[in-house]
Amino acid sequence: MTPEVTSALQIEGLRKSYPTPQGDVQTIIDLPGFALERGEQVALHGRSGCGKTTFLHLVAGILRPDAGRIRVAGEEMTGRRESDRDRLRGRLVGYVFQSFNLLPGFSALENVMLAMHFGAGENRERALHLFERVGLGDRVHHRPAQLSVGQRQRVAVARALANQPALVLADEPTGNLDPENAAEALALLREAAAGMGAALLLVSHDRDVLGAFERREEFDALVRRGEVA
């Protein structure tokens, strides 16, 4: 019998560098180790340009590291082809982007259903349930341009949770919201992740957001300093 995997994220020896205009190599990420258990919620903070978004993209398999290992729910993310990383991300990772990244030509429901296509498959009933959960049951057929900023954020949360991921990543998820909508969006994201037992790794510079987390990590203390990300 295969033992249950309790770790949502395990990182070992992660490195990422970029060439500079001067022809040198700038190390952005040099992370000996990092781990998240299922259900754990962690906030990362740090100065602008230190590599936080690059780190999330590495974890999600959007970028390939120069060295190291990333395992999500026991599955190896590194060393795979891009198409394989895309499929793994679709199954195991939910991502709330700062700019939401909703497809403007599709309805809110279609945006979530498309995300399901990259996971276990489209499930209209579950998608509709997610919209009820995020308080948008009457907005499923609206396109992003017909929704407020706060409502678009809720669609982004529903999409991130569409495939019941083991790990949810959130990059400045309240950065485009006013304080009231920010507090609501954060509570919704945390409660929804906790409700499905997913780990949450969130990047923010907002002190109110950071103060809501028991575990907070300063990014520069985890990795060597870079100049751009």
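The values are calculated or read from the model by the stated rules, or taken from the named source; none is laboratory data. Because the structure is predicted, anything quoted here is derived from the model rather than measured. Cβ: placed from backbone, ideal geometry, glycine included. Neighbour counts: every protein chain shown.
Within this structure, Gly197 passes the test of being farther than 15 Å from Val96 by Cβ, touching a residue at least 12 places away in the same chain (Cβ under 8 Å), in contact with a Gly (Cβ under 6 Å, 6 or more places away or on another chain) and small (Gly, Ala, Ser).
Scanning the range 74-122 for residues that are under 16 Å from the mean Cα position of the chain (by Cα) and of a type in the set (Asp, Glu) returns a single hit, Asp86. Restricting the range 33-54 to residues that are among the small types (Gly, Ala, Ser), surrounded by fewer than 17 Cβ atoms within 10 Å (Cβ to Cβ) and assigned to a strand (DSSP E or B), the residue that is farthest from the chain's Cα centre (by Cα) is Gly33. Out of curiosity, is Leu58 in contact with a His (Cβ under 9 Å, 6 or more places away or on another chain), in contact (Cβ under 8 Å) with a residue 12 or more places away in the chain and either assigned to a helix (DSSP H, G or I) or within 30 Å of Asp138 (Cα to Cα) (or both)? In short, no. Using the structure shown, decide if Val140 is surrounded by 15 or more Cβ atoms within 10 Å (Cβ to Cβ), of a type in the set (Val, Ile, Thr), within 26 Å of Arg71 (Cβ to Cβ) and in contact (Cβ under 8 Å) with a residue 12 or more places away in the chain. Considered against the rule, which asks whether it is surrounded by 15 or more Cβ atoms within 10 Å (Cβ to Cβ), of a type in the set (Val, Ile, Thr), within 26 Å of Arg71 (Cβ to Cβ) and in contact (Cβ under 8 Å) with a residue 12 or more places away in the chain, Val140 comes out as no. Out of Asp84, Asp138, Asp30, one residue alone is part of a helix (DSSP H, G or I) and either closer than 21 Å to Lys16 by Cα or modelled with pLDDT of 90 or more (or both). It is Asp84. Is it the case that Leu103 is modelled with pLDDT of 90 or more, surrounded by fewer than 18 Cβ atoms within 10 Å (Cβ to Cβ), among the aliphatic types (A, V, I, L, M) and not in a loop (DSSP other than H, G, I, E, B)? Against the criterion (modelled with pLDDT of 90 or more, surrounded by fewer than 18 Cβ atoms within 10 Å (Cβ to Cβ), among the aliphatic types (A, V, I, L, M) and not in a loop (DSSP other than H, G, I, E, B)), Leu103 does not qualify.
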